[in-house]
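Visitor: Got a structure here, written out as structure tokens. Questions coming.
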Amino acid sequence: MSHTDFQDRAAVTLNDVKLTTEFRNAMDFLRNKRSSVIPSRDEFEALAARGRAIREEALDQLPDLLVALEKRCLANGIQVHWAEDSAQACEIVEGIAKDRQARSFIKGKSMASEEIGLNHFLIERGYECLESDMGEYIVQLAGETPSHIIMPAIHKSKVAIAELFAERIEGHRYTENVDELIGAGRAVLREKFEAADIGISGVNFAVAETGTLCLVENEGNGRMSTTVPNTHIAICGIEKVIPRLEDLPTLLSLLTRSATGQKITTYVNLISSPRQPGDLDGPAAVHLILLDNGRSRIHRDPELRETLLCIRCGACMNHCPVYTRIGGHAYGSVYPGPIGQVVAPQLEGLAQHGEIVEACTLNGACGEVCPVGIPLPGLIRRLRERKRHTPDEQADADAVPGSGRGRSWFEAGLWRAWTLAASSPRLYSLIRLFVTRARALIPRRIGSWSSVRTQPKPAPRSLNELMKDRHV
Amino acid sequence: MSDSEQQSARERILDRLTTAQPETAPADNLPMTPSASESDSSARPRSAKQQRQLVSQLADALLASHAEVLHVREDDWPHTLATLAQAEQLRTWLCHPACEAGRMFSTYIGDRQPGALKLRHYSGEYPLPADQAGTRQWPDKAALFHNIDAGLSHATAGIADTGTLLLFSSPTQPRLLSLVPPVHAVTLRYSAIQSNMAECMATNAVFRQRPLPANIIFVSGPSKTADIQQTLAYGAHGPKRLIVMLIDDLAQFSSTSS
């Protein structure tokens, strides 16, 4: 039997007992922490309802809010750029670097920059670009990609990191002491913060009312990246804009509780302008890159628009039984887990990411924990439909890339035959008679279905016949 | 990208968002105003007793986040801090001379000259160590990263619920002072503590300024990470220690209401 790439990647984790234990423990840890900061179901639901209302309002007014954000940022001295896709966003970053004659970048954690492949792009063009979030740094040092959107190095054990540091950090001696390991990373990265020309960050929320970029973190590398270098570039998906400053407490509370089980992160960083006259520090220039990369198309699709409500907390993957078993890398997409199953096919197309849409048991856990009530199982099911056909009224430009490509004549024919049989009593009983009497002819193995399940076997006589015997 | 390409990227994105707008499916009936109930409480002035409850709530939350909390008086905290600094070998301190905390600590150090303590001022010129003659202008990154043991600043507001301190950037409140040195000491008045973030943002005039300060930081403990096998470690990139000095300024309250 031939395996697909996805199956091969999933098998890597599934066959590695240590790794599956790693993931299991990490997910249990995050889930327990989350429950510990959720006071009561009612209270959390009220908070979630407010959060959802804010995010809905933001999406309904998205173009107006983006224009308002741009206007406010410009007035505050933040330069605003618009990027339709990854290539444009990367080019804008390089353009700023050229203007400033910059050579080195230090990065705070940003999924948007992962999405546009910024590290790869900059390093290929001869720039130095280093991740400064401890998890991201570990992953970059190992030449890997993040396996979780909040805890990027969740797939690596302490021992693996100890070995990695001993091998790759000059002058560092092998130790499994976590404080010493963090200390070693701190020492390397502090030098880089001091020397870097440009700092790069993502944005958790962009406040239209005040032109404010809000970033949350525990380590302080986000503050370092946005404060020490003379230039700061923030990359922000266009859906991250929110209307008002007073919306922040609700959204921050939902985000940090759902993500890491904290009532608040160590640092909440609100950036509203570059260094002001008289200020002693802070970057002289702040650039905001508003990244579309497929989001405006999602926004036009009424059936899939709720995808954009996401605040990137990662609770859906922490609670997903599939993610917990196969890990983040199996998905083969920047965003893993349930939200990845919904986002990746829409951003990069069903041709590339169509298979992960099937990697779901529709158990509903993700939808239940989502702090802004995204119906993730519903969206996953809908994308399964889109894989098989594009809605009639949808223009090609608005369709999910690759939609309809997954249509198989065999599958479509089978459904048609079933419809026919189920709607004709005579045909149905004929088939039933055949299946019960000729059950010995059914093959012993039916593909991948029976590789992990007991082969179903039709009964010798149908229920209908048995009941007739009893004169019911 | 050229300016015109930028312009058209902007137009195309906005055009796609504007035309053929569906409404997001509403989820039941939802209250549209965020935090009305939370900010109601801010309208009522608190008694000294209630304010003290907030102080202990804030202190507990900070302690749980691995911060150190000292309850001090307005007139004696510089002495408390200098004693702690000497005991723990935190020799070189950095503050801004015109910030509230910096001014008081500077005066104390100037008067008492406690042995082995050095106080640098984050403004004007920075004198280089003895082996390198001369001076440099602040902000001197090398000095900040390598020659300072602790930074001292003042928090304008606090949030009891989450154990959070607010730092507003300004010419006298530089941003790196609370970030780069391995220890951050900070003063906060009892009276400046609000119960939650919504109330704090509603009552503090800074949030109504336009533009807002270049940078507002909510600090809720020392820098930390759990990125290695979910094991908590402090001092990931920012300060390893956060020393919070809570200044009791409720004397005028307590005589009347407790």
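The values are calculated or read from the model by the stated rules, or taken from the named source; none is laboratory data. The structure presented is a predicted model; accordingly, all values stated were derived computationally and were not measured. Quick reminder, even Gly has a Cβ in these numbers, built from the backbone with ideal geometry, and neighbours come from all protein chains shown. Note: accessible area is taken over every heavy atom of the protein model, side chains too, but ligands, DNA and RNA are not part of it. Shrake-Rupley method; radii C 1.70, N 1.55, O 1.52, S 1.80 Å.
Visitor: So which residues in segment A:347-397 are without any contact (Cβ under 8 Å) to a residue 60 or more places away in the chain and on the phi > 0 side of the Ramachandran plot, if there are any at all?
Guide: Passing the criteria: A:G349, A:L362, A:G364.
Visitor: Output the residues belonging to segment A:136-195 that are touching a strand residue (DSSP E or B) at 6+ places or on another chain (Cβ under 9 Å), in contact (Cβ under 8 Å) with a residue 40 or more places away in the chain and closer than 23 Å to A:G327 by Cα.
Guide: Across segment A:136-195, the qualifying residues are A:Y137, A:I138, A:P152.
Visitor: Ok, one more. Looking at segment A:368-395 only, could you name the residues that are assigned to a loop (DSSP other than H, G, I, E, B), surrounded by 19 or more Cβ atoms within 10 Å (Cβ to Cβ) and in contact with a Lys or Arg (Cβ under 8 Å, 6 or more places away or on another chain)?
Guide: Of everything in segment A:368-395, those that are assigned to a loop (DSSP other than H, G, I, E, B), surrounded by 19 or more Cβ atoms within 10 Å (Cβ to Cβ) and in contact with a Lys or Arg (Cβ under 8 Å, 6 or more places away or on another chain) turn out to be A:P371, A:V372, A:G373.
Visitor: Restricting to segment A:54-76, give me the number of residues that are among the polar types (S, T, N, Q) and closer than 18 Å to A:C310 by Cα.
Guide: Taking segment A:54-76 as the starting set, the residues that turn out to be among the polar types (S, T, N, Q) are A:61, A:76.
Now restrict to residues that are closer than 18 Å to A:C310 by Cα: A:61.
Residues meeting the conditions: 1.
Visitor: Just give me the residues in segment A:83-97 being free of Cβ contacts under 8 Å to residues at least 40 places away in the same chain, open to solvent by 30 Å² or more (accessible area, probe 1.4 Å) and among the charged types (D, E, K, R), in sequence order.
Guide: A:E91
Visitor: Return yes when B:T164 is facing chain A (nearest Cβ under 10 Å) and not aromatic (F, W, Y) and no when it is not. Steps first, please.
Guide: Working: facing chain A (nearest Cβ under 10 Å): yes; not aromatic (F, W, Y): yes.
Against the criterion (facing chain A (nearest Cβ under 10 Å) and not aromatic (F, W, Y)), B:T164 qualifies.
Visitor: Looking at segment B:85-116, which of its residues are touching a Lys or Arg at 6+ places or on another chain (Cβ under 8 Å), assigned to a loop (DSSP other than H, G, I, E, B) and either buried (at least 19 other Cβ atoms within 10 Å of the Cβ) or within 14 Å of chain A (Cβ to nearest Cβ) (or both)?
Guide: B:P97
Visitor: When residues of segment A:253-264 are filtered for being at the interface with chain B (Cβ under 10 Å from one of its Cβ atoms) and open to solvent by less than 10 Å² (accessible area, probe 1.4 Å), how many remain?
Guide: Residues of segment A:253-264 that are at the interface with chain B (Cβ under 10 Å from one of its Cβ atoms), as a first pass: A:253, A:256, A:260, A:262-264.
Those left that are additionally open to solvent by less than 10 Å² (accessible area, probe 1.4 Å): A:256.
Total satisfying the criteria: 1.
Visitor: While we're here: Among the residues of segment A:21-35, is there at least one that is under 24 Å from the mean Cα position of the chain (by Cα), over 30 Å from A:A184 (Cβ atoms) and exposed (fewer than 15 other Cβ atoms within 10 Å of the Cβ)?
Guide: Yes.
Visitor: Being within 8 Å of another protein chain (Cβ to nearest Cβ) and closer than 19 Å to B:A98 by Cβ is the requirement here; does B:P181 meet it?
Guide: Details: within 8 Å of another protein chain (Cβ to nearest Cβ): no; closer than 19 Å to B:A98 by Cβ: yes.
For B:P181, the condition - within 8 Å of another protein chain (Cβ to nearest Cβ) and closer than 19 Å to B:A98 by Cβ - is not met.
Visitor: So, one more: Would you be able to tell me the number of residues in segment B:201-245 that are basic (K, R) and not in a loop (DSSP other than H, G, I, E, B)? Before the answer, list the steps.
Guide: Initially, segment B:201-245 is screened for residues basic (K, R), giving B:208, B:210, B:224, B:240-241.
Applying the additional criterion that residues be not in a loop (DSSP other than H, G, I, E, B) yields B:208, B:224, B:241.
Qualifying residue count for the region: 3.
Visitor: For segment A:429-444, state whether one or more residues are within 30 Å of A:G328 (Cβ to Cβ), at pLDDT 90 or above and open to solvent by 60 Å² or more (accessible area, probe 1.4 Å).
Guide: Just the residues of segment A:429-444 that are within 30 Å of A:G328 (Cβ to Cβ), to begin with: none.
No, segment A:429-444 contains no residue that is within 30 Å of A:G328 (Cβ to Cβ), at pLDDT 90 or above and open to solvent by 60 Å² or more (accessible area, probe 1.4 Å).
Visitor: If you don't mind, another one. Within segment A:201-208, can one find any residue that is among the β-branched types (V, I, T), modelled with pLDDT of 95 or more and under 19 Å from A:V93 (Cα atoms)? So that I can check it myself, show each step before the final result.
Guide: The first filter runs over segment A:201-208 and keeps only residues among the β-branched types (V, I, T), leaving A:203, A:207.
With the extra rule that they be modelled with pLDDT of 95 or more, the set shrinks to A:203, A:207.
Then drop every residue that is not under 19 Å from A:V93 (Cα atoms), which leaves A:203.
Yes: segment A:201-208 contains one or more residues that are among the β-branched types (V, I, T), modelled with pLDDT of 95 or more and under 19 Å from A:V93 (Cα atoms).
Visitor: If you don't mind, there's one more thing I want to ask. For residues in segment A:88-112 being within 20 Å of the chain's Cα centre (by Cα) and among the small types (G, A, S), which is farthest from A:G294 (Cα to Cα)?
Guide: Only one residue fits best here, namely A:G108.
Visitor: With (1) within 12 Å of chain A (Cβ to nearest Cβ); (2) farther than 22 Å from B:P239 by Cβ as the list, and B:S191 as the residue in question, which single condition is left unmet?
Guide: Condition not satisfied by B:S191: (1).
Visitor: Could you say whether any residue in segment A:290-305 is open to solvent by less than 10 Å² (accessible area, probe 1.4 Å), farther than 27 Å from A:D60 by Cβ and either within 13 Å of another protein chain (Cβ to nearest Cβ) or part of a loop (DSSP other than H, G, I, E, B) (or both)?
Guide: Looking for residues that are open to solvent by less than 10 Å² (accessible area, probe 1.4 Å), farther than 27 Å from A:D60 by Cβ and either within 13 Å of another protein chain (Cβ to nearest Cβ) or part of a loop (DSSP other than H, G, I, E, B) (or both), one finds none in segment A:290-305, hence no.
Visitor: Search segment A:62-82 for residues being touching a residue at least 40 places away in the same chain (Cβ under 8 Å), under 22 Å from A:R295 (Cα atoms) and aliphatic (A, V, I, L, M), and hand back the single one that is nearest to the other protein chains (Cβ to nearest Cβ).
Guide: Among them, the one singled out is A:L62.
Visitor: Now for a different question. For segment B:161-176, what are the residues that are surrounded by fewer than 24 Cβ atoms within 10 Å (Cβ to Cβ) and farther than 23 Å from A:P283 by Cα?
Guide: The answer is B:D161, and nothing else.
Visitor: Mind checking whether some residue in segment A:181-197 is within 25 Å of A:T20 (Cβ to Cβ) and outside any helix (DSSP H, G or I)? Walk me through how you get there before you give the answer.
Guide: The first filter runs over segment A:181-197 and keeps only residues within 25 Å of A:T20 (Cβ to Cβ), leaving A:181.
The next check asks that each one be outside any helix (DSSP H, G or I); those that pass are none.
The answer is no, given that none of the residues of segment A:181-197 is within 25 Å of A:T20 (Cβ to Cβ) and outside any helix (DSSP H, G or I).
Visitor: Specify which of the listed residues (A:L66, A:L74, A:L47) is under 23 Å from the mean Cα position of the chain (by Cα), surrounded by fewer than 22 Cβ atoms within 10 Å (Cβ to Cβ) and either at pLDDT 95 or above or of a type outside the set (D, E, K, R) (or both).
Guide: Just one listed residue meets the conditions, A:L47.
Visitor: A further question on this structure: Read through the list (1) part of a loop (DSSP other than H, G, I, E, B); (2) open to solvent by 20 Å² or more (accessible area, probe 1.4 Å), then give the number of the only condition that B:I148 fails.
Guide: Condition not satisfied by B:I148: (2).
Visitor: Can you name the residue in segment B:211-232 that is within 7 Å of chain A (Cβ to nearest Cβ) and more than 28 Å from A:V286 (Cα to Cα) and, of all such residues, is surrounded by the fewest Cβ atoms within 10 Å (Cβ to Cβ)?
Guide: B:T231
Visitor: Given the conditions (1) hydrophobic (A, V, I, L, M, F, W, C); (2) open to solvent by 50 Å² or more (accessible area, probe 1.4 Å); (3) at pLDDT 95 or above, which single one is not true for B:A20?
Guide: The failed condition is (3).
Visitor: Another question about this same structure. So A:G135 clears everything in (1) at pLDDT 95 or above; (2) over 20 Å from A:L19 (Cα atoms); (3) within 14 Å of another protein chain (Cβ to nearest Cβ) except one condition, right? Which one?
Guide: (2)
Visitor: Checking B:G158 against (1) surrounded by fewer than 24 Cβ atoms within 10 Å (Cβ to Cβ); (2) touching a residue at least 60 places away in the same chain (Cβ under 8 Å): exactly one of these is not met. Which one?
Guide: Single failed check for B:G158: (1).
Visitor: Follow-up. Suppose the filter is at pLDDT below 95, under 24 Å from A:N230 (Cβ atoms) and either of a type in the set (S, T, Y) or under 27 Å from the mean Cα position of the chain (by Cα) (or both); does A:K156 pass it? Reasoning before the result, please.
Guide: On the way: at pLDDT below 95: yes; under 24 Å from A:N230 (Cβ atoms): no; either of a type in the set (S, T, Y) or under 27 Å from the mean Cα position of the chain (by Cα) (or both): yes.
So A:K156 does not fit the description; no.
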